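Structure record follows, encoded as C-alpha coordinates.
The values are calculated or read from the model by the stated rules, or taken from the named source; none is laboratory data. Source: prediction; values computed, not measured. Methodologically, a virtual Cβ is constructed for each residue, glycine included, from the backbone with ideal geometry; neighbour enumeration extends over all protein chains shown. SASA here: full protein model, heavy atoms, side chains in, ligands and nucleic acids out. Shrake-Rupley method; radii C 1.70, N 1.55, O 1.52, S 1.80 Å.
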Amino acid sequence: MKQRLVFPWQKVGLICVGRISRPQILSYSFLLFTFLLSPVNAGVVDITQQLHRPLNNSVGRQSRDEADSLLRIGEQQYTSGYADKTIASCLRALKLYHSIGDLKSQGLTYNLLAKAYVQLGSLKEAEDAFRRGLAIARDTKDFQSEIFVLNNISTFMLQQGEYTTAGKTVEDALAIAHGVKNIEGEGLSLSNLGLVTARLGDYNKAIKLYENSLIFRRQTGDAIGEANTLNNLGDAYLASGNYQDTIATYGVAMRTAKINRDRTNELRAIDGLVTAHSAVGRYERAFDLLEQRLALAKELQNLREELKCFESYAQLYKQQGNYLTARNFYERAIILARTLEDSKQEVQLLDQLTKMLQQK
(Lines give C-alpha, C1' and ligand atoms only; values in the text may rest on other atoms or scores of the structure.)
Protein backbone atom coordinates (compact mmCIF):
# COMPACT_ATOMS: atom_id res chain seq x y z
CA MET A 1 0.00 0.00 0.00
CA LYS A 2 1.37 3.41 -0.98
CA GLN A 3 2.23 5.57 1.97
CA ARG A 4 0.30 8.82 1.81
CA LEU A 5 2.29 11.67 3.25
CA VAL A 6 0.44 14.54 4.90
CA PHE A 7 2.50 17.60 5.76
CA PRO A 8 1.49 19.74 8.74
CA TRP A 9 0.73 22.72 6.51
CA GLN A 10 -1.78 20.63 4.50
CA LYS A 11 -4.03 20.46 7.56
CA VAL A 12 -4.28 24.20 8.09
CA GLY A 13 -3.91 25.74 4.63
CA LEU A 14 -0.66 26.87 3.08
CA ILE A 15 0.34 30.41 2.26
CA CYS A 16 -1.61 33.62 1.84
CA VAL A 17 -0.69 35.60 -1.28
CA GLY A 18 1.11 38.83 -0.43
CA ARG A 19 2.16 38.80 3.21
CA ILE A 20 2.94 35.25 4.27
CA SER A 21 0.91 33.77 7.13
CA ARG A 22 2.46 31.50 9.72
CA PRO A 23 0.62 28.17 9.78
CA GLN A 24 0.93 25.52 12.40
CA ILE A 25 4.20 24.22 10.98
CA LEU A 26 5.93 27.40 12.10
CA SER A 27 4.33 27.34 15.50
CA TYR A 28 5.55 23.80 15.97
CA SER A 29 9.06 24.61 14.75
CA PHE A 30 9.19 27.76 16.90
CA LEU A 31 8.08 25.85 19.99
CA LEU A 32 10.58 23.11 19.25
CA PHE A 33 13.47 25.51 18.89
CA THR A 34 12.27 27.52 21.93
CA PHE A 35 12.33 24.35 23.98
CA LEU A 36 15.79 23.43 22.76
CA LEU A 37 17.19 26.89 23.38
CA SER A 38 15.68 27.44 26.86
CA PRO A 39 17.90 26.98 29.92
CA VAL A 40 16.84 24.17 32.21
CA ASN A 41 17.76 26.12 35.33
CA ALA A 42 19.70 29.17 36.42
CA GLY A 43 22.84 27.16 36.97
CA VAL A 44 22.98 25.90 33.38
CA VAL A 45 24.59 28.02 30.68
CA ASP A 46 21.98 29.16 28.13
CA ILE A 47 22.48 26.97 25.07
CA THR A 48 21.70 29.98 22.87
CA GLN A 49 24.90 31.53 24.16
CA GLN A 50 26.74 28.32 23.40
CA LEU A 51 25.46 28.30 19.82
CA HIS A 52 26.24 31.93 19.15
CA ARG A 53 29.23 32.38 21.42
CA PRO A 54 32.06 33.96 19.39
CA LEU A 55 34.38 31.25 18.22
CA ASN A 56 38.05 31.57 17.60
CA ASN A 57 38.21 33.12 14.12
CA SER A 58 40.42 30.42 12.66
CA VAL A 59 38.29 27.65 14.17
CA GLY A 60 35.08 29.29 12.94
CA ARG A 61 36.44 29.70 9.42
CA GLN A 62 37.71 26.13 9.43
CA SER A 63 34.32 24.77 10.50
CA ARG A 64 32.48 26.85 7.90
CA ASP A 65 34.88 25.86 5.13
CA GLU A 66 34.52 22.20 6.05
CA ALA A 67 30.72 22.46 6.19
CA ASP A 68 30.55 24.29 2.85
CA SER A 69 32.79 21.64 1.31
CA LEU A 70 30.60 18.85 2.66
CA LEU A 71 27.50 20.55 1.26
CA ARG A 72 29.11 20.87 -2.19
CA ILE A 73 30.18 17.22 -2.06
CA GLY A 74 26.65 16.26 -1.04
CA GLU A 75 25.22 18.10 -4.04
CA GLN A 76 27.61 16.27 -6.36
CA GLN A 77 26.74 12.94 -4.75
CA TYR A 78 23.03 13.65 -5.14
CA THR A 79 23.45 14.56 -8.81
CA SER A 80 25.37 11.32 -9.34
CA GLY A 81 22.58 9.30 -7.74
CA TYR A 82 24.32 8.42 -4.46
CA ALA A 83 21.56 9.42 -2.04
CA ASP A 84 23.01 7.49 0.91
CA LYS A 85 26.34 9.30 0.61
CA THR A 86 24.50 12.61 0.21
CA ILE A 87 22.71 12.02 3.51
CA ALA A 88 25.98 11.27 5.31
CA SER A 89 27.57 14.46 3.96
CA CYS A 90 24.53 16.58 4.84
CA LEU A 91 24.34 15.28 8.41
CA ARG A 92 28.00 16.12 8.98
CA ALA A 93 27.51 19.58 7.43
CA LEU A 94 24.46 20.20 9.63
CA LYS A 95 26.44 19.44 12.77
CA LEU A 96 29.09 21.99 11.78
CA TYR A 97 26.60 24.67 10.73
CA HIS A 98 24.78 24.15 14.01
CA SER A 99 28.04 24.56 15.96
CA ILE A 100 28.64 28.00 14.41
CA GLY A 101 24.99 29.07 14.55
CA ASP A 102 24.52 29.42 10.77
CA LEU A 103 20.76 28.97 10.51
CA LYS A 104 20.47 29.89 6.81
CA SER A 105 23.02 27.27 5.76
CA GLN A 106 21.21 24.71 7.89
CA GLY A 107 18.08 25.46 5.87
CA LEU A 108 19.91 24.87 2.58
CA THR A 109 21.32 21.63 3.92
CA TYR A 110 17.92 20.38 5.09
CA ASN A 111 16.58 21.02 1.59
CA LEU A 112 19.24 18.82 0.00
CA LEU A 113 18.84 16.23 2.75
CA ALA A 114 15.10 16.04 2.07
CA LYS A 115 15.66 15.40 -1.64
CA ALA A 116 18.14 12.63 -0.83
CA TYR A 117 15.63 10.97 1.51
CA VAL A 118 13.02 11.21 -1.26
CA GLN A 119 15.42 9.48 -3.63
CA LEU A 120 15.76 6.64 -1.12
CA GLY A 121 12.01 6.50 -0.52
CA SER A 122 12.35 7.47 3.16
CA LEU A 123 9.15 9.49 3.33
CA LYS A 124 9.06 10.19 7.05
CA GLU A 125 12.62 11.50 7.11
CA ALA A 126 11.97 13.54 3.95
CA GLU A 127 8.93 15.15 5.56
CA ASP A 128 10.93 16.12 8.63
CA ALA A 129 13.75 17.65 6.57
CA PHE A 130 11.32 19.56 4.34
CA ARG A 131 9.50 20.88 7.40
CA ARG A 132 12.70 22.07 9.05
CA GLY A 133 14.00 23.69 5.86
CA LEU A 134 10.74 25.53 5.24
CA ALA A 135 10.50 26.70 8.85
CA ILE A 136 14.05 28.08 8.75
CA ALA A 137 13.42 29.88 5.46
CA ARG A 138 10.34 31.57 6.90
CA ASP A 139 11.90 32.34 10.27
CA THR A 140 14.85 34.03 8.56
CA LYS A 141 12.58 35.73 6.00
CA ASP A 142 14.65 34.09 3.26
CA PHE A 143 12.10 34.33 0.45
CA GLN A 144 14.36 32.77 -2.17
CA SER A 145 14.96 29.67 -0.05
CA GLU A 146 11.23 29.50 0.73
CA ILE A 147 10.43 29.58 -2.98
CA PHE A 148 12.86 26.75 -3.72
CA VAL A 149 11.75 24.61 -0.76
CA LEU A 150 8.10 24.96 -1.80
CA ASN A 151 9.04 23.92 -5.34
CA ASN A 152 10.83 20.86 -4.01
CA ILE A 153 7.83 19.98 -1.87
CA SER A 154 5.58 20.37 -4.92
CA THR A 155 7.80 18.04 -6.94
CA PHE A 156 7.74 15.50 -4.12
CA MET A 157 3.96 15.63 -3.81
CA LEU A 158 3.71 15.23 -7.58
CA GLN A 159 5.79 12.06 -7.35
CA GLN A 160 3.40 10.78 -4.69
CA GLY A 161 0.41 11.40 -6.97
CA GLU A 162 -0.88 14.29 -4.83
CA TYR A 163 -1.55 16.52 -7.85
CA THR A 164 -3.90 19.00 -6.16
CA THR A 165 -1.55 19.64 -3.25
CA ALA A 166 1.42 19.85 -5.60
CA GLY A 167 -0.39 22.44 -7.71
CA LYS A 168 -1.41 24.60 -4.76
CA THR A 169 2.10 24.46 -3.30
CA VAL A 170 3.84 25.58 -6.48
CA GLU A 171 1.21 28.27 -7.07
CA ASP A 172 2.08 29.67 -3.64
CA ALA A 173 5.76 29.59 -4.57
CA LEU A 174 4.97 31.43 -7.80
CA ALA A 175 2.97 34.06 -5.91
CA ILE A 176 5.87 34.71 -3.54
CA ALA A 177 8.37 34.86 -6.42
CA HIS A 178 6.18 37.32 -8.30
CA GLY A 179 5.63 39.40 -5.16
CA VAL A 180 9.34 39.81 -4.42
CA LYS A 181 10.25 39.98 -8.14
CA ASN A 182 12.48 36.91 -7.97
CA ILE A 183 12.99 36.07 -11.64
CA GLU A 184 14.79 32.80 -10.94
CA GLY A 185 11.96 31.69 -8.67
CA GLU A 186 9.34 32.62 -11.25
CA GLY A 187 11.07 30.56 -13.92
CA LEU A 188 11.36 27.53 -11.64
CA SER A 189 7.79 27.80 -10.36
CA LEU A 190 6.30 28.17 -13.85
CA SER A 191 8.25 25.12 -15.01
CA ASN A 192 7.01 23.03 -12.09
CA LEU A 193 3.46 24.31 -12.53
CA GLY A 194 3.77 23.06 -16.10
CA LEU A 195 4.75 19.64 -14.75
CA VAL A 196 1.63 19.49 -12.59
CA THR A 197 -0.56 20.65 -15.48
CA ALA A 198 0.96 18.03 -17.80
CA ARG A 199 0.31 15.28 -15.25
CA LEU A 200 -3.32 16.38 -15.22
CA GLY A 201 -3.39 15.88 -19.00
CA ASP A 202 -3.68 19.51 -20.15
CA TYR A 203 -0.65 19.49 -22.45
CA ASN A 204 -1.51 22.69 -24.33
CA LYS A 205 -1.63 24.68 -21.08
CA ALA A 206 1.55 22.97 -19.88
CA ILE A 207 3.35 23.95 -23.10
CA LYS A 208 2.40 27.62 -22.55
CA LEU A 209 3.65 27.48 -18.95
CA TYR A 210 6.97 25.97 -20.08
CA GLU A 211 7.37 28.62 -22.77
CA ASN A 212 6.78 31.37 -20.19
CA SER A 213 9.23 29.68 -17.84
CA LEU A 214 11.94 29.73 -20.52
CA ILE A 215 11.62 33.52 -20.81
CA PHE A 216 12.54 33.93 -17.13
CA ARG A 217 15.20 31.23 -17.12
CA ARG A 218 16.99 32.78 -20.08
CA GLN A 219 16.93 36.19 -18.37
CA THR A 220 18.92 34.79 -15.46
CA GLY A 221 21.30 32.78 -17.63
CA ASP A 222 20.24 29.58 -15.85
CA ALA A 223 21.44 27.11 -18.48
CA ILE A 224 20.73 24.02 -16.37
CA GLY A 225 17.23 25.25 -15.54
CA GLU A 226 16.67 26.09 -19.20
CA ALA A 227 17.71 22.58 -20.30
CA ASN A 228 15.42 21.05 -17.67
CA THR A 229 12.44 23.11 -18.84
CA LEU A 230 13.23 22.32 -22.48
CA ASN A 231 13.13 18.63 -21.60
CA ASN A 232 9.79 19.16 -19.85
CA LEU A 233 8.54 20.95 -22.97
CA GLY A 234 9.75 18.07 -25.12
CA ASP A 235 7.87 15.63 -22.89
CA ALA A 236 4.66 17.65 -23.36
CA TYR A 237 5.06 17.75 -27.15
CA LEU A 238 5.74 14.00 -27.16
CA ALA A 239 2.66 13.26 -25.06
CA SER A 240 0.52 15.34 -27.42
CA GLY A 241 1.88 13.49 -30.49
CA ASN A 242 3.69 16.51 -31.98
CA TYR A 243 6.85 14.68 -33.06
CA GLN A 244 8.32 17.53 -35.11
CA ASP A 245 8.38 19.96 -32.17
CA THR A 246 9.34 17.11 -29.84
CA ILE A 247 12.52 16.35 -31.76
CA ALA A 248 13.39 20.04 -32.21
CA THR A 249 12.93 20.81 -28.50
CA TYR A 250 14.85 17.79 -27.22
CA GLY A 251 17.60 18.67 -29.70
CA VAL A 252 17.97 22.17 -28.22
CA ALA A 253 17.91 20.68 -24.71
CA MET A 254 20.66 18.20 -25.60
CA ARG A 255 22.91 20.86 -27.14
CA THR A 256 22.34 23.27 -24.25
CA ALA A 257 23.14 20.57 -21.70
CA LYS A 258 26.19 19.36 -23.60
CA ILE A 259 27.71 22.85 -23.81
CA ASN A 260 27.32 23.29 -20.07
CA ARG A 261 28.41 19.72 -19.21
CA ASP A 262 25.00 19.14 -17.65
CA ARG A 263 25.05 15.36 -17.97
CA THR A 264 21.71 14.75 -16.28
CA ASN A 265 19.74 16.83 -18.77
CA GLU A 266 21.89 15.63 -21.67
CA LEU A 267 21.02 12.01 -20.90
CA ARG A 268 17.36 12.88 -20.44
CA ALA A 269 17.24 14.72 -23.78
CA ILE A 270 18.87 11.76 -25.56
CA ASP A 271 16.25 9.45 -24.04
CA GLY A 272 13.49 11.71 -25.35
CA LEU A 273 15.03 11.82 -28.81
CA VAL A 274 15.41 8.02 -28.90
CA THR A 275 11.72 7.62 -28.03
CA ALA A 276 10.59 10.22 -30.58
CA HIS A 277 12.74 8.95 -33.47
CA SER A 278 11.79 5.31 -32.88
CA ALA A 279 8.11 6.29 -32.71
CA VAL A 280 8.30 7.57 -36.30
CA GLY A 281 10.44 4.67 -37.52
CA ARG A 282 13.80 6.47 -37.58
CA TYR A 283 15.65 3.56 -35.99
CA GLU A 284 19.06 4.38 -37.46
CA ARG A 285 19.03 7.80 -35.77
CA ALA A 286 17.76 6.23 -32.54
CA PHE A 287 20.65 3.74 -32.53
CA ASP A 288 23.16 6.56 -33.18
CA LEU A 289 21.81 8.43 -30.16
CA LEU A 290 21.96 5.31 -27.99
CA GLU A 291 25.58 4.87 -28.97
CA GLN A 292 26.26 8.43 -27.77
CA ARG A 293 24.37 7.71 -24.57
CA LEU A 294 26.35 4.54 -23.82
CA ALA A 295 29.66 6.35 -24.43
CA LEU A 296 28.58 9.11 -22.03
CA ALA A 297 27.51 6.60 -19.36
CA LYS A 298 30.90 4.85 -19.61
CA GLU A 299 32.70 8.19 -19.43
CA LEU A 300 30.81 8.94 -16.23
CA GLN A 301 31.49 5.39 -15.00
CA ASN A 302 27.80 5.21 -14.13
CA LEU A 303 26.59 1.61 -14.19
CA ARG A 304 22.95 2.58 -13.69
CA GLU A 305 23.02 4.72 -16.82
CA GLU A 306 24.72 1.88 -18.70
CA LEU A 307 21.90 -0.38 -17.57
CA LYS A 308 19.35 2.07 -19.00
CA CYS A 309 21.23 2.03 -22.31
CA PHE A 310 21.14 -1.76 -22.53
CA GLU A 311 17.43 -1.78 -21.71
CA SER A 312 16.75 0.81 -24.44
CA TYR A 313 18.80 -1.20 -26.95
CA ALA A 314 16.79 -4.30 -26.05
CA GLN A 315 13.48 -2.48 -26.52
CA LEU A 316 14.51 -1.08 -29.92
CA TYR A 317 15.66 -4.45 -31.21
CA LYS A 318 12.44 -6.01 -29.90
CA GLN A 319 10.40 -3.41 -31.83
CA GLN A 320 12.24 -4.45 -34.98
CA GLY A 321 11.60 -8.13 -34.32
CA ASN A 322 15.27 -8.92 -33.68
CA TYR A 323 14.60 -10.98 -30.56
CA LEU A 324 18.01 -12.66 -30.40
CA THR A 325 19.90 -9.35 -30.11
CA ALA A 326 17.21 -7.95 -27.84
CA ARG A 327 17.67 -10.95 -25.53
CA ASN A 328 21.42 -10.31 -25.44
CA PHE A 329 20.91 -6.73 -24.28
CA TYR A 330 18.27 -7.72 -21.72
CA GLU A 331 20.73 -10.24 -20.25
CA ARG A 332 23.46 -7.59 -20.09
CA ALA A 333 21.07 -5.23 -18.33
CA ILE A 334 20.12 -7.96 -15.85
CA ILE A 335 23.79 -8.57 -15.01
CA LEU A 336 24.23 -4.88 -14.22
CA ALA A 337 21.07 -4.86 -12.09
CA ARG A 338 22.56 -7.71 -10.05
CA THR A 339 25.87 -5.85 -9.79
CA LEU A 340 23.97 -2.84 -8.47
CA GLU A 341 22.00 -5.14 -6.15
CA ASP A 342 18.79 -3.63 -7.53
CA SER A 343 16.43 -6.57 -7.15
CA LYS A 344 13.38 -4.55 -8.23
CA GLN A 345 15.00 -3.58 -11.54
CA GLU A 346 16.21 -7.14 -12.03
CA VAL A 347 12.68 -8.53 -11.64
CA GLN A 348 11.28 -5.99 -14.09
CA LEU A 349 13.91 -6.83 -16.69
CA LEU A 350 13.37 -10.57 -16.27
CA ASP A 351 9.64 -10.01 -16.71
CA GLN A 352 10.20 -8.06 -19.95
CA LEU A 353 12.53 -10.75 -21.25
CA THR A 354 10.10 -13.56 -20.38
CA LYS A 355 7.17 -11.82 -22.08
CA MET A 356 9.26 -11.19 -25.21
CA LEU A 357 10.33 -14.84 -25.43
CA GLN A 358 6.72 -15.95 -25.04
CA GLN A 359 5.71 -13.74 -27.99
CA LYS A 360 8.23 -15.35 -30.37
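See the values below:
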quantity	calculated
Filter result for the condition that a residue is farther than 18 Å from Lys104 by Cβ, more than 13 Å from the chain's Cα centre (by Cα) and aliphatic (A, V, I, L, M), over Leu123, Leu134	Leu123
Residue that is surrounded by the most Cβ atoms within 10 Å (Cβ to Cβ) [pool: residues in region 294-308 that are under 24 Å from the mean Cα position of the chain (by Cα) and without any contact (Cβ under 8 Å) to a residue 12 or more places away in the chain]	Lys298
Per-region count, region 323-341, residues closer than 24 Å to Leu273 by Cα and open to solvent by 60 Å² or more (accessible area, probe 1.4 Å)	4
Every residue from region 342-360 that is surrounded by fewer than 16 Cβ atoms within 10 Å (Cβ to Cβ), in a helix (DSSP H, G or I) and more than 31 Å from the chain's Cα centre (by Cα)	Thr354, Lys355, Leu357, Gln358, Gln359
Only one of Glu311, Glu291 that is at negative phi and open to solvent by 50 Å² or more (accessible area, probe 1.4 Å)	Glu291
Some residue of region 217-235 being over 23 Å from Asn152 (Cβ atoms), in a helix (DSSP H, G or I) and at pLDDT 95 or above	no
